[in-house]
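Worksheet: the structure to be examined is printed underneath.
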Amino acid sequence: INLIGLSNKSSRNVAKYEFSNPNLVKVWIAVSFTNSKGQHIGGYSVMGYYLYNVYIMKHFQNKGYCKQIVSYAVNKKKNLVLDVDIDNKYAIKCYEACGFKFVRLIKNFHHITWGPNIKPRDVLRFKH
């Protein structure tokens, strides 16, 4: 891949995990990115068409990595949806720059991928 500042050899580590509960069995993919110095830049996870846990390590934020990593995810899987906290203006800007469109506000939302320790919150749903 050609991500600025990310090496072609060590830029992608992909791990697949199975998640299960009594009503649902899904496979999700976690992808992480490192640069040519082996420094961890960020990553994301996908379960079905749900893109979640997009993150950029603090010291690499505001350097264009979010757009590159989200664009990579979009190129790997079409018709993605994601949820973002209503106050996360930087993430919203990144997602819109990558072609995501606002769908709706969801109040008191909790997605199964968040686990039991994350409290429900208001989010904006976006779709690519």
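The values are calculated or read from the model by the stated rules, or taken from the named source; none is laboratory data. Note that this is a predicted model, so its numbers are computed, not measured. Cβ sites come from the backbone with ideal geometry, for glycine too, and all protein chains shown count toward neighbours. Just the protein is used for accessible areas: all its heavy atoms, side chains included, with ligands, DNA and RNA removed. Shrake-Rupley method; radii C 1.70, N 1.55, O 1.52, S 1.80 Å.
Figures for the structure shown
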item	result
Among (1) surrounded by 12 or more Cβ atoms within 10 Å (Cβ to Cβ); (2) of a type in the set (A, V, I, L, M, F, W, C); (3) part of a strand (DSSP E or B) - the single one residue 105 does not satisfy	(1)
Selection count where residues are assigned to a helix (DSSP H, G or I) and closer than 15 Å to residue 96 by Cα, scope the range 59-74	10
Condition broken by residue 40, with the remaining ones in (1) over 22 Å from residue 29 (Cβ atoms); (2) surrounded by fewer than 17 Cβ atoms within 10 Å (Cβ to Cβ) satisfied	(1)
Looking only at the range 43-55, and only at residues there that are open to solvent by 50 Å² or more (accessible area, probe 1.4 Å) and within 13 Å of residue 91 (Cα to Cα), the one that is modelled with the lowest pLDDT	53
Qualifying residue in the range 81-101 (condition: under 15 Å from residue 31 (Cβ atoms), within 14 Å of the chain's Cα centre (by Cα), open to solvent by 30 Å² or more (accessible area, probe 1.4 Å) and touching a residue at least 40 places away in the same chain (Cβ under 8 Å))	no
Residue pairs meeting the criteria (Cβ under 9 Å; at least 6 apart or on separate chains; first in contact (Cβ under 8 Å) with a residue 12 or more places away in the chain and open to solvent by 70 Å² or more (accessible area, probe 1.4 Å), in the range 110-123; second β-branched (Val, Ile, Thr) and part of a loop (DSSP other than H, G, I, E, B))	121/86
Selected residue (only one of 63, 58, 67 is open to solvent by 30 Å² or more (accessible area, probe 1.4 Å), closer than 27 Å to residue 120 by Cα and in contact (Cβ under 8 Å) with a residue 24 or more places away in the chain)	67
